[in-house]
Amino acid sequence: MKPKRANSGDPRTAPALTIVPLTEDRWPDFEQLFGTRGACGGCWCMAWRLPRGQWEKGKGAGNRRAMRARVAGGPPPGLLAYEGGRPAGWVSVAPREEFPRLGASRVLAPVDARPVWSVTCFFIAKGHRGRGVSVALLRAAVAFVRERGGKRVEGYPYDVAPGALPGPFVWTGLASAFRAAGFQEVARRSKSRPIFQCETGA
């Protein structure tokens, strides 16, 4: 995937971003973005990728090692956004079967039997939040999946008013960002947790 130049919304506020897959050579940038807490509570974006007990046991260094091994082994588990050469945001995107925790969720159960890629997590650096970075990352994720032959991308955002929940509690994204990126709601088994999908055109 070639680096994507993305403008994420209103030109008065939206940053000009470069968005690229997370590969091993970009691991130091991922570490810089996630910081010592691994984004939140030692997660290192492994919450959906591991059984709950294993993830809890690995909080911190264990989850960091697990994510680094995934990055080193490929394929890229998501995309990094840069502004001015510095990491500004992250989105996790991969085939749904790579996220076993999704299979344990009644609310987020598959909509149908067709293959789908899942957007499961965002992390946006402070100072970049509320500026459309998530929208730009979603659009780039659809392009990333299209380039790999995937036909559908799905996400599991919170449908709440902006600011109603602290940032760490909406790490799966906001419904408003998915709508702005061209996704459509396809299921809702919980008042605040719809499923959104987007066809890639592949």
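Of note:
- Mean Kyte hydropathy of -1.0 or more with a Cα span along the axis of at least 15 Å, helices from DSSP in the chain: 61-73, 133-147
- From phi via Karplus (6.51, -1.76, 1.60), per-residue ³J(HN,Hα) for segment 38-54 in Hz, x at Gly/Pro: x, 6, 7, x, x, 6, 6, 6, 10, 4, 7, 8, 10, x, 4, x, 5
- Fully extended contour minus Cα-Cα distance, from Arg114 to Lys151, at 0.36 nm per residue: 12.4 nm
- Considering every alpha-carbon pair of segment 4-199, the percent of pairs per 10 Å bin, from zero through the bin containing the longest distance, is 9, 38, 40, 12, 0.
- With θ taken as phi - 60° and the Karplus curve 6.51 cos²θ - 1.76 cosθ + 1.60 applied, the whole-hertz 3J(HN,Hα) list for segment 191-198 is 3, 10, 10, x, 10, 10, 9, 9 Hz, x standing for glycine and proline.
- Charging the Cβ of each Asp and Glu at -1 and of each Lys and Arg at +1, and nothing else, the dipole of segment 35-107 about its Cα centre rounds to 280 debye.
- Between Ala104 and Val186, full extension at 0.36 nm per residue minus the direct alpha carbon distance yields a gain of 27.6 nm.
- GNM result for the chain, Cα springs below 10 Å: residue of Ala141, Ala16, Ala81 fluctuating most strongly: Ala16
- GNM on the chain, alpha-carbon springs under 10 angstrom: the most fluctuating residue among Asp112, Asp25, Asp159 is Asp112.
Where a number appears in this text, it was derived from the coordinates with a stated rule and is not lab data. Model, not experiment: these values are computed from the prediction. Don't worry about glycine lacking a Cβ; one is built from the backbone with ideal geometry, like all the others, and counts go over all protein chains shown.
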